[in-house]
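> I'd like to ask some things about the structure below.
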Amino acid sequence: MLLFVALASVALIGIAPQSQAIVIYTGWERHALVGSDVRLSCSFFSWRWTSEDVTFSWSYRPDGSRDSISIFHYTGGVPYVDNKGPFRDRLEFVGNPQRRDGSILIKNLDYSDNGTFTCDAKNPPDIVGRPSSVRLLVFEKVPIQAGVITGAIIGAVLGLLVLIVVIYYLMRFLVARRVFSLSVSKHGKKGKGKEGSQQRQRWRASPFSFLPS
């Protein structure tokens, strides 16, 4: 009897859907200008097919605050936007749940929108996962990122090195050309001097050789 109960339990465990981990992805940091719109992306990885009961939730924690507020929820195929919070009339769902995309669009940004946005997703029976967060920084002018500055410096240094190498080989070419010209000129003068010396020797040997016979 106990053996039968054990086998039945194993069979039920194998048949029943089991919850597995779900991995949620967002960006790390987004920069945007005052008055512009920004898309905050959220997607997930799950070993299961995308469920019809997939859900997405977004919360927001302003800079300097410890408390988060819920600003968006998608469930049962219907998006629900908070109509009383700081993003009322400025938040739009632009994702595609069947493609595991829970992105939102925030419009007409202001400095007060600076903060951390957290996305959570469930794909039943995969409901165990850690929410992912993205920080939004709103500027009057988007600052130049450190990577751009570093790339510009590296490019300038490489350009300078190439210029130095070109100048070096050009100088070597000009010096070699000058040395060759001097060498040719020196040999030419020697040849002319030798020929004149031979003529003078012939004239001395026969001073009347120039007279007609």
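The values are calculated or read from the model by the stated rules, or taken from the named source; none is laboratory data. Note that the coordinates shown come from a computational prediction; the quantities given were computed from them, not determined experimentally. All Cβ positions, glycine included, derive from the backbone under ideal geometry; neighbour counts span all protein chains shown. When the accessible area is computed, the model is the full protein with side chains, heavy atoms only, and any ligands, DNA or RNA have been set aside. Shrake-Rupley method; radii C 1.70, N 1.55, O 1.52, S 1.80 Å.
> Please report the accessible area of D82 (heavy atoms, 1.4 Å probe, ligands and nucleic acids excluded) in Å², nearest 10.
Looks like 50 Å² after rounding.
> Let me ask something else. Which loop-located trypsin sites (Lys or Arg not before Pro) does segment 33-117 contain, where loop means any DSSP state but H, G, I, E or B and the Cβ has at most 13 other Cβ atoms within 10 Å?
Details: sites: R39, R48, R66, K84, R88, R90, R99, R100, K107; in loops: R48, R66, K84, R88, R90, R100, K107.
Sites meeting the loop and neighbour criteria: R66, K84, R88, K107.
> Across segment 158-170, in residue order, what do the Karplus-derived ³J(HN,Hα) couplings come to in whole Hz, using 6.51 cos²θ - 1.76 cosθ + 1.60 with θ = phi - 60° and x for Gly and Pro?
Values, residue by residue: 4, x, 5, 4, 4, 4, 4, 5, 4, 5, 4, 5, 5 Hz.
> If ligands, DNA and RNA are left out, what is the accessible area of F93 with a 1.4 Å probe, given in Å² to the nearest 10?
50
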